[in-house]
1. Could you say which residue among A:LEU67, A:LEU124 is away from chain B (no Cβ under 14 Å) and among the aliphatic types (A, V, I, L, M)?
2. Give region A:1-39 a look and list any residue that's more than 14 Å from A:ILE142 (Cα to Cα), part of a loop (DSSP other than H, G, I, E, B) and touching a His at 6+ places or on another chain (Cβ under 9 Å), or say none.
3. Select from region B:358-371 the residues that are free of Cβ contacts under 8 Å to residues at least 40 places away in the same chain and either in a helix (DSSP H, G or I) or among the charged types (D, E, K, R) (or both) and list them in ascending order.
4. Which of the residues spanning region A:217-230 are at pLDDT 90 or above and out of contact with any strand residue (DSSP E or B) (no Cβ under 8 Å at 6 or more places or on another chain)?
5. Would you confirm, using the coordinates I've provided, whether B:ALA230 is of a type in the set (Gly, Ala, Ser), surrounded by 18 or more Cβ atoms within 10 Å (Cβ to Cβ), part of a helix (DSSP H, G or I) and away from chain A (no Cβ under 14 Å)?
2 protein chains.
Amino acid sequence: MKIKYELIKEEKQSKARLGKIISKYGEYETPMFMPVGTQATVKTLSPEEIKEIGTGIILSNTYHLWLRPGEDVIAKAGGLHSFMNYSGPILTDSGGFQVFSLAKPKDITEEGVTFKSHINGDKLFLTPEISMNIQNKLGSDIAMSFDECPPASANYEYMKKSVERTLRWAKRGKEAFNNPDQCLFGIIQGGYFEDLRKHSALETVKIGFDGYAIGGVANDNESKEEMYKAIQYSTPYMPSDKLRYLMGVGDPIDLIEGVIRGVDIFDCVIPTRLARHGHAYTKYGKINLRNAKYKEDFSPVDDCDCYACKSYTKSYIRHLLVAGETFGSRLLSVHNIYFLHKIMSNIRTAIREDNLLEYKDKFIKEYYGEN
Amino acid sequence: MKIKYELIKEEKQSKARLGKIISKYGEYETPMFMPVGTQATVKTLSPEEIKEIGTGIILSNTYHLWLRPGEDVIAKAGGLHSFMNYSGPILTDSGGFQVFSLAKPKDITEEGVTFKSHINGDKLFLTPEISMNIQNKLGSDIAMSFDECPPASANYEYMKKSVERTLRWAKRGKEAFNNPDQCLFGIIQGGYFEDLRKHSALETVKIGFDGYAIGGVANDNESKEEMYKAIQYSTPYMPSDKLRYLMGVGDPIDLIEGVIRGVDIFDCVIPTRLARHGHAYTKYGKINLRNAKYKEDFSPVDDCDCYACKSYTKSYIRHLLVAGETFGSRLLSVHNIYFLHKIMSNIRTAIREDNLLEYKDKFIKEYYGEN
């Protein structure tokens, strides 16, 4: 069964939308943050822990799974859900972003991208058709179009050509796509250029997808304002009855600003990556738990209902981190994902009560300590 | 409340004993395997996972906790149970074994041992009194005497002198020990020399402890037969109404052979260490999950009721290990500890039914594939 999206309510103060994802695993409200399980596991966590946190969709990376263990292994296992024992919705990206950010493309042609594996240097070739085929085999609930991801710093001429190529790749992908139980989402590119974003959005919608994403803002955005503008340039042309996904964005304030501009779902590796480096979100900003000042701090990381905060102190987590024990980053992963999950929950309440801008002001004052 | 031991039954065929540990956390049957949480965490696992596996006592290392985070931090946290959020019995060793195996002693005098920290090379000094003081502050349920741990290859003359020193240290430790809620166990040394084991056992029992351990067999034992003999030389002189603990031993067959010779409790880092290296116990022997032959093996690690085997395949766990994801070693840690826990459970059943030697033969045939 394909995932469905239902718009419940638009906020009065902003473009924020309250919605609902209906899947065979259950219903999940949007706006929503999706934790990332790059290699068919959300780093350090079990599926049960993800469920306990309460998030809905998780994301997994086509590029990584294609290389290891290979999509055929996962298909033989009965698909990604079965392989990783996750009975909730899964979104797979197309591999495009990783090819451009991690593997560094050797050659981009109309047909596809030649690049080197980041694992062993093997020469690899990815096209829209291959990406769709891999994602069909993985059996995710939402697959993504294969797009070119040029650096945000690319000039207008390059970006214009790239947008056209991404549109041609989107069409080819849609034609090759062959799994009636999966959604396929189109991706809007165009950097920070208003006319390119508009063009990309209109033409992508013309091709027709089950949902739409805004790409090209996750890496090297020059400033948050640039990123917010790129969202604003895109969302007006995205259909209101389809999910809107801002790719690779997870900074707390960006979640709020994204929702205000009409985004429904987000993903980012940041909560688990911060955890592995010993950092935790708190309502008063990020803290580094490795700091010596927490050595005898027997209070929880934050005033929070997550498993880590209910049972463990800063002192203990700091000890685990300093001693190199993985249970430390596991506890912080739980907390950091829960923190973003809780923000999304607060955002949904604020949309219901039409006071999202007040919520944003309150959040900023606490989080950044501004007056 | 101090832990109490009750002997329930002695097996007819061997010296095996079925017993019960009564603690404020509940009752636990012996023989029992104790997982090791060196740094106040059983590597990769949560306290809830340990409880779900069903083991009773866990062990933590005084030497490591003394160095990091320091016994005063843990005392301020309310003791080790509170610090690590573990509501079950905890045994702490004395630091002696680590001083001799990990830190390499610089100087052994009657007063104590001077050695270098394995973390930063700091010069440190440990005595029976200091070890007792640290363990009192940690607040474990069972503390261990501070003993000299000479290499098993030490000659008779050295071993004889060492046994005498360990006896003097045991007396000093008992006098310095100062926590009425903690048990203190004495340690029998003497290498592979029958008369030294006997002397050490008799004299240690004369000093009088809440339980007794057999030390000096965990490292560099020349052969399993030597180790089994050292146990046989010791247990006849250990009181039947007190717990008997074989230190640092966890190989499946050694658990069975130890119980046959009258041992009640065991500890070893081996199940979690094997897990981190990708190895799993199965009833047909150890396997290396990183092996390519498991790439498309969608069966569980073993015919087993643990969390890992109920929900995950060899193929998935292999993928996690190869991809460097810690969830892989976490799943194998659960499985390997459960495997030893299950052996102990089978041993207890066999003692009840007076057929432990038959169980041993059956186990060996399956595990080692002998006919």
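1. That would be A:LEU124, the only listed residue that is away from chain B (no Cβ under 14 Å) and among the aliphatic types (A, V, I, L, M).
2. A:THR38, A:GLN39
3. Passing the criteria: B:GLU358, B:ASP361, B:LYS362, B:LYS365, B:GLU370.
4. Within region A:217-230, A:LYS224, A:GLU225, A:GLU226, A:MET227, A:TYR228, A:LYS229 qualify.
5. Yes: the conditions hold for B:ALA230.
Here is a yes/no grid of residues against (1) facing chain A (nearest Cβ under 9 Å); (2) in a loop (DSSP other than H, G, I, E, B):
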residue	(1), (2)
B:THR41	yes, yes
B:LEU45	yes, yes
B:LYS51	no, no
B:THR55	no, yes
B:TYR63	no, no
B:VAL73	yes, no
B:HIS81	no, no
B:TYR86	no, yes
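Condition check ((1) β-branched (Val, Ile, Thr); (2) in contact with a helix residue (DSSP H, G or I) (Cβ under 7 Å, 6 or more places away or on another chain)) across all residues:
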{"position": "B:ASP181", "(1), (2)": "no, no"}
{"position": "B:GLN189", "(1), (2)": "no, yes"}
{"position": "B:SER200", "(1), (2)": "no, yes"}
{"position": "B:LEU246", "(1), (2)": "no, yes"}
{"position": "B:ILE253", "(1), (2)": "yes, yes"}
{"position": "B:ILE256", "(1), (2)": "yes, yes"}
{"position": "B:ILE265", "(1), (2)": "yes, no"}
{"position": "B:TYR281", "(1), (2)": "no, yes"}
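Rundown of residues vs (1) within 24 Å of B:LEU332 (Cα to Cα); (2) under 19 Å from the mean Cα position of the chain (by Cα); (3) at pLDDT 95 or above, yes/no style:
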{"residue": "A:GLU11", "(1), (2), (3)": "no, no, yes"}
{"residue": "A:SER14", "(1), (2), (3)": "no, no, yes"}
{"residue": "A:ARG17", "(1), (2), (3)": "no, yes, yes"}
{"residue": "A:PRO47", "(1), (2), (3)": "yes, yes, yes"}
{"residue": "A:ILE53", "(1), (2), (3)": "yes, yes, yes"}
{"residue": "A:ILE57", "(1), (2), (3)": "no, yes, yes"}
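The values are calculated or read from the model by the stated rules, or taken from the named source; none is laboratory data. Small disclaimer: the values here were computed from a predicted structure and weren't measured. In this analysis, Cβ positions are derived from the backbone assuming ideal geometry, glycine residues included, and neighbour counts consider all displayed protein chains.
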